[in-house]
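Q: Have a look at this one before I ask anything.
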There are 2 protein chains.
Amino acid sequence: MRLKTRFYEIEVDKPIVILNDEDAKDLGVFVSGRVKIKYNEHEITAIVDTTETLVREGEIGVLKDVHDLIKVDAGDYVEVRSASKPASVEFIKKKLDGHTLDESEIYSIIYDITNNNLSSIELSSFVTGGYINGYTIEEIVSLTTSMVKTGKQIDFGDDVVDKHCIGGVAGNRTTMIVVPIVAAAGLTIPKTSSRAITSPSGTADTMEVLSSVQFGIDEVREIVNSAGACIIWGGAVNLAPADDKIIRVEYPLSLDAEGHLLSSVMAKKMAIGSDYVLIDIPVGKGSKIATPDRARKLARNFIEIGCKLGISVECLITDGSSPIGAGIGPALEARDVLNVLNNKGPIDLMNKSLDLAGTLLELSKRVDKGKGRKMAENILSSGKALDKMKQIIELQGGDPEIKPRDIEVSDKKHVIKSKHKGKVRFIDNKCISSIARTAGAPRIKSAGIYMHVGVGDSVRLDDPLFTIYASDNNKLDDAINICEKLIPVRVGSVISDIIT
Amino acid sequence: MRLKTRFYEIEVDKPIVILNDEDAKDLGVFVSGRVKIKYNEHEITAIVDTTETLVREGEIGVLKDVHDLIKVDAGDYVEVRSASKPASVEFIKKKLDGHTLDESEIYSIIYDITNNNLSSIELSSFVTGGYINGYTIEEIVSLTTSMVKTGKQIDFGDDVVDKHCIGGVAGNRTTMIVVPIVAAAGLTIPKTSSRAITSPSGTADTMEVLSSVQFGIDEVREIVNSAGACIIWGGAVNLAPADDKIIRVEYPLSLDAEGHLLSSVMAKKMAIGSDYVLIDIPVGKGSKIATPDRARKLARNFIEIGCKLGISVECLITDGSSPIGAGIGPALEARDVLNVLNNKGPIDLMNKSLDLAGTLLELSKRVDKGKGRKMAENILSSGKALDKMKQIIELQGGDPEIKPRDIEVSDKKHVIKSKHKGKVRFIDNKCISSIARTAGAPRIKSAGIYMHVGVGDSVRLDDPLFTIYASDNNKLDDAINICEKLIPVRVGSVISDIIT
């Protein structure tokens, strides 16, 4: 069928065309079906949307993506015929029907996700099906290798190590301390991190206070070749791009499928050629993993998948029941990190970082079992970790001589004080994160929360519990109001939750 | 946040706005999240899409649907803030997690589907979740009543009867014979039918050969008040609109969830106030229900749901292993129907229609058990059914005096002949449908297939098996080619399928 193009300047990251209902019927295609479009030497397959009124019979609505692919001018005629679905759609159906997919079937799905060949209905169904029916270990391995194959990869040679945290703990910024310690010990650690989605800061947001974090793949190679390490935002490097597209679909319904979590983490480690990977799994009320049982099961799966991929994985199950460190929000966390590297400040953040770094040193066989923590301590106390961090900051375009006090925090602040005398019984990660976000983090780097107390501390009436730093006075008021409702820090009472 | 509108003339049946990535971050919303948009006295909630380039920071892309709702002019400023998800999204998640939903939760989802409040990701997840996890009888009842409440309803008083066929059998056009018979017996049967989606003709397509089928709700009321019956296309009457939106999502992946099939059928029956409903469940290779076991289970569910909705349901499990009647395709089927009403023509179509009509007469207590078939025969042979059909055709704007031979069929035709001598062992519904569609049906009403033989008939070498009527010579060639490959009619051989 020959149809006259009508151009719409809309970009949807997918080749979509709009047909009049009548023409769609003539072609025998339906919404989310596919047509082949031919124009001069160009031929592409596009996904169909239909309309009664917007596009007339004899016309075809062409969005920007299709326009760019076939270079058709508005008003020109294109040849349109119905096209069959990609084979991956059959494999998605197979997954929905409870069957197990083999490697080539999963590759076919991941390939079509990467290349935007699936309609949003098909992609959503795939993600939902995986969430409900789950994946076998073999399927997760296939998901991982397929995600790696369909994205960029970097080879940094031998002894490449990495760490990953499952997340959910406010202020838990160990990466920026672990990376310089293990790099100072001679290991290669090309760390790609995420930005915050629902938290007050991701490692990439915090690192951005000190340097740039957005680099192309060649720049990353240069930085890591010089320093043995980097701390960058993973989003710019295009490792495992299918993963990012899947996450966009998971987000609206919070579909945190375990099979996908596993493949998402492992694909990014595999793409940078990791040999040894340490996974931090915080457990506790308010963190992502609620029970030690679930954490142990997740850990066993990580290790088994690592084994099948040729990566040595070790998992640490950590206490995720309350925030780590004092600062929450990019600037305040960056201050904490520099303080720890200067052998000051937050002792819990320092301790956790040393445990992680020590474990990584042992895992990579840089040091004998049982001696990693001591080695990490020595590297930190000697100032070698700080020197390494300065090198990384400089290579990433920041000021290596920056001091904690140079980092600006907002002057719109308010101290929340204790209304009781007693011990701090409980600090709620989710509430603290929510208050810090309300105050403006991570968008406004100088906003966030500074904790004056930790669990177990004794406080008197009116002792400061934490300070809120907000981006403006309205946000400060909002954040203070939330504190009244949520009671993020419980003093004295042994009640940790009230069921109503 | 105040943003300058940029207008895109695209209609998507959903309030969607496009934000620049940076503004979206500032607002704390993600793809498929929601914002409230205020302009003068108008305030609406819209679903967010994001872009890096298409819309600049400080701008908001407004599609036609939003434009129509808030009447904003391009370039004007609107006030935008993040909005929470509708509660129904939580209930969808609950379903994905394997829980059972209560009536109010299901109503909330169906309400939001009807009113386009869900993003396509959310709607796809709901449909996929229902497909995988299934529904309890109570949930299906809630789906049904919710679909009815969110659509139009018509009350035709007492003794309203209806019939429905699960489909999948070529040529099975009993509705147009059953309706005039039972209406002639004094029952009210306001029949809404579908158009073909994947078959060579739906009842609405075939009826359209004889009269119009597209009427508003007031016109339907008038027709049924005069004739006690109608045979119209259901799509125009807006009964259970959520159902149509769900079907659009089911189609690309062929997600024929039983729970949804049940609620889809029953909602449409309930919306026209049916008291007695007969369901025809054809079983056999190539029809939608493959085994008698599955058919019996489906039947029991239909009856149980009917019981809970106050509708008397009876199900007939019928032989769906080969086509019914001789004609396949709108015009050829319409000829069959008129022939049967004139007491001629396809004996199998007549017999099946009399069985169905007889059962409906008994179900509605118009006649004693065991006497329905005789009553239906009398009505048909007396010409009362034909008179009733003429009345319906006239009320629906057609020519009541139309004769079978007045119905035009294409002159581009070809006779497929037997290559063997023997008995007809098997006629494949799916192959026959596929050939008829290739020939141009249902889009071209005069295209289709005429069967010269039925299962069990003895044929000699070169005896005609069926004639293909195509819309043009190219389609005729295509259809003939398919016959060579598919072998839709098997003669002599007892092999009914070859596994390769």
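Q: Which residue, of B:Gly202, B:Gly259, is within 16 Å of the chain's Cα centre (by Cα) and within 14 Å of another protein chain (Cβ to nearest Cβ)?
A: From the options B:Gly202, B:Gly259, the qualifying one is B:Gly202.
Q: To continue, here is another question. In the range B:128-139, which residues are assigned to a helix (DSSP H, G or I) and not acidic (Asp, Glu)? Show your work before the answer.
A: To start, the set of residues in the range B:128-139 that are assigned to a helix (DSSP H, G or I) comprises B:128-133, B:137-139.
Listed by number, the residues that qualify are B:Thr128, B:Gly129, B:Gly130, B:Tyr131, B:Ile132, B:Asn133, B:Ile137.
Q: What do you reckon, is B:Tyr8 surrounded by 16 or more Cβ atoms within 10 Å (Cβ to Cβ) and over 26 Å from A:Thr50 (Cβ atoms)?
A: Against the criterion (surrounded by 16 or more Cβ atoms within 10 Å (Cβ to Cβ) and over 26 Å from A:Thr50 (Cβ atoms)), B:Tyr8 does not qualify.
Q: If you don't mind, there's one more thing I want to ask. Listed residues A:Ser142, A:Ser125, A:Ser146; which is buried (at least 22 other Cβ atoms within 10 Å of the Cβ), touching a Lys or Arg at 6+ places or on another chain (Cβ under 9 Å), of a type in the set (Ser, Thr, Tyr) and part of a helix (DSSP H, G or I)?
A: Being buried (at least 22 other Cβ atoms within 10 Å of the Cβ), touching a Lys or Arg at 6+ places or on another chain (Cβ under 9 Å), of a type in the set (Ser, Thr, Tyr) and part of a helix (DSSP H, G or I) holds for just one of A:Ser142, A:Ser125, A:Ser146, which is A:Ser125.
Q: Being within 11 Å of chain B (Cβ to nearest Cβ) and surrounded by fewer than 16 Cβ atoms within 10 Å (Cβ to Cβ) narrows it down to one residue among A:Gly33, A:Gly28; which is it? Break it down into steps so the answer makes sense when it comes.
A: Numbers: A:Gly33 fails: surrounded by fewer than 16 Cβ atoms within 10 Å (Cβ to Cβ).
Matching residue, one of A:Gly33, A:Gly28: A:Gly28.
Q: Continuing with this model, one more query. Would you check if there is a residue in the range B:52-60 being polar (S, T, N, Q) and within 11 Å of chain A (Cβ to nearest Cβ)?
A: Looking for residues that are polar (S, T, N, Q) and within 11 Å of chain A (Cβ to nearest Cβ), one finds at least one in the range B:52-60, hence yes.
Q: For the range B:96-115, give me each residue that is part of a loop (DSSP other than H, G, I, E, B) and either more than 14 Å from chain A (Cβ to nearest Cβ) or surrounded by 18 or more Cβ atoms within 10 Å (Cβ to Cβ) (or both).
A: Within the range B:96-115, the subset part of a loop (DSSP other than H, G, I, E, B) is B:97-102, B:115.
Across the range B:96-115, the qualifying residues are B:Thr100, B:Leu101, B:Asp102, B:Asn115.
Q: Among the residues of the range B:149-174, which ones are among the polar types (S, T, N, Q) and surrounded by fewer than 24 Cβ atoms within 10 Å (Cβ to Cβ)?
A: Answer for the range B:149-174, where residues must be among the polar types (S, T, N, Q) and surrounded by fewer than 24 Cβ atoms within 10 Å (Cβ to Cβ): B:Thr150, B:Gln153.
Q: Residue check, B:Lys475 against (1) touching a Gly at 6+ places or on another chain (Cβ under 8 Å); (2) of a type in the set (Lys, Arg); (3) closer than 25 Å to B:Gly345 by Cα, all met but one. Which one?
A: So B:Lys475 meets the others, but not (3).
Q: Could I ask something else about it? Could you give me the residue pairs with C-beta distances under 7 Å whose first residue belongs to the range A:117-137 and is facing chain B (nearest Cβ under 7 Å) and more than 11 Å from B:Ile121 (Cα to Cα), whose second residue is hydrophobic (A, V, I, L, M, F, W, C) and part of a helix (DSSP H, G or I) wherever it lies, and which are 6+ apart or on separate chains?
A: Short answer, once both residue conditions are applied: A:Gly129/A:Ile92; A:Gly129/A:Leu96; A:Gly129/B:Ile132; A:Tyr131/B:Leu96; A:Ile132/B:Leu96; A:Ile132/B:Ile132; A:Asn133/B:Ile132.
Q: Right, another one. Can you confirm whether A:Asn115 is at negative phi and at pLDDT 95 or above?
A: no
Q: Residues being surrounded by fewer than 19 Cβ atoms within 10 Å (Cβ to Cβ) and either touching a helix residue (DSSP H, G or I) at 6+ places or on another chain (Cβ under 8 Å) or part of a loop (DSSP other than H, G, I, E, B) (or both): count how many of those fall in the range A:364-385.
A: Selection size over the range A:364-385: 13.
Q: Turning to a different aspect of this structure: Just wondering, is there one or more residues in the range A:485-497 that are assigned to a helix (DSSP H, G or I), more than 14 Å from chain B (Cβ to nearest Cβ) and out of contact with any Cys (no Cβ under 7 Å at 6 or more places or on another chain)?
A: Yes, because at least one residue in the range A:485-497 is assigned to a helix (DSSP H, G or I), more than 14 Å from chain B (Cβ to nearest Cβ) and out of contact with any Cys (no Cβ under 7 Å at 6 or more places or on another chain).
Q: Here's another thing I want to ask about it. Being within 14 Å of another protein chain (Cβ to nearest Cβ) and farther than 30 Å from A:Ala447 by Cα narrows it down to one of A:Val80, A:Val89, A:Val141, so name that one.
A: A:Val89
Q: Looking at (1) closer than 20 Å to A:Leu54 by Cβ; (2) surrounded by fewer than 21 Cβ atoms within 10 Å (Cβ to Cβ); (3) away from chain A (no Cβ under 14 Å); (4) in contact with a strand residue (DSSP E or B) (Cβ under 6 Å, 6 or more places away or on another chain), which is the only condition B:Lys38 fails?
A: It is condition (1) that B:Lys38 fails.
Q: Of (1) of a type in the set (Val, Ile, Thr); (2) more than 27 Å from A:Gly157 (Cα to Cα); (3) assigned by TED's automatic domain parsing to the domain that holds A:Leu210, A:Val367 satisfies all except one. Which?
A: Going through the list (1) of a type in the set (Val, Ile, Thr); (2) more than 27 Å from A:Gly157 (Cα to Cα); (3) assigned by TED's automatic domain parsing to the domain that holds A:Leu210, A:Val367 breaks only (2).
Q: Shifting gears a bit: Scan the range A:61-74 residue by residue and report those that are in contact (Cβ under 8 Å) with a residue 40 or more places away in the chain, within 14 Å of another protein chain (Cβ to nearest Cβ) and not aliphatic (A, V, I, L, M).
A: If the condition is that a residue be in contact (Cβ under 8 Å) with a residue 40 or more places away in the chain, within 14 Å of another protein chain (Cβ to nearest Cβ) and not aliphatic (A, V, I, L, M), then A:Gly61, A:Lys64, A:Asp65, A:His67 are the ones that fit.
Q: Still on this structure, please answer the following. Please go through the range A:80-95 and give me each residue that is touching a Leu at 6+ places or on another chain (Cβ under 8 Å) and part of a helix (DSSP H, G or I), ordered by number.
A: Once the filter is applied, which keeps residues that are touching a Leu at 6+ places or on another chain (Cβ under 8 Å) and part of a helix (DSSP H, G or I), the range A:80-95 yields A:Ser88, A:Val89, A:Phe91, A:Ile92, A:Lys93, A:Lys94, A:Lys95.
Q: So which of A:Ala479, A:Ala441 is in contact (Cβ under 8 Å) with a residue 60 or more places away in the chain, in contact with a strand residue (DSSP E or B) (Cβ under 9 Å, 6 or more places away or on another chain), part of a loop (DSSP other than H, G, I, E, B) and among the aliphatic types (A, V, I, L, M)? Break it down into steps so the answer makes sense when it comes.
A: Working: A:Ala479 fails: part of a loop (DSSP other than H, G, I, E, B).
Result of the check over A:Ala479, A:Ala441: A:Ala441.
Q: Inspect the range B:327-348 for any residue being in a strand (DSSP E or B) and either modelled with pLDDT of 95 or more or of a type in the set (Val, Ile, Thr) (or both) and give the result as yes or no.
A: Within the range B:327-348, one or more residues are in a strand (DSSP E or B) and either modelled with pLDDT of 95 or more or of a type in the set (Val, Ile, Thr) (or both).
Q: Related question: Listed residues A:Val213, A:Val220; which is over 18 Å from A:Ser142 (Cα atoms) and crowded, with 24+ Cβ neighbours inside 10 Å?
A: A:Val213
Q: Check off (1) within 16 Å of B:Met207 (Cβ to Cβ); (2) of a type in the set (A, V, I, L, M); (3) in contact with a Ser or Thr (Cβ under 7 Å, 6 or more places away or on another chain) for B:Met389 and give me the number that stays unchecked.
A: Going through (1) within 16 Å of B:Met207 (Cβ to Cβ); (2) of a type in the set (A, V, I, L, M); (3) in contact with a Ser or Thr (Cβ under 7 Å, 6 or more places away or on another chain) one by one, B:Met389 breaks only (3).
The rows are residues; the columns are (1) among the polar types (S, T, N, Q); (2) closer than 21 Å to A:Pro282 by Cα; (3) modelled with pLDDT under 95.
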{"position": "A:Asp406", "(1), (2), (3)": "no, no, no"}
{"position": "A:Ser410", "(1), (2), (3)": "yes, no, no"}
{"position": "A:Lys413", "(1), (2), (3)": "no, no, no"}
{"position": "A:Lys423", "(1), (2), (3)": "no, no, yes"}
{"position": "A:Cys431", "(1), (2), (3)": "no, yes, yes"}
{"position": "A:Thr438", "(1), (2), (3)": "yes, no, yes"}
{"position": "A:Ile449", "(1), (2), (3)": "no, yes, no"}
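The values are calculated or read from the model by the stated rules, or taken from the named source; none is laboratory data. In this text the structure is predicted, and so the values were computed from the model without any measurement. Note: ideal-geometry Cβ built from the backbone for every residue, glycine included; neighbour counts use all protein chains shown.
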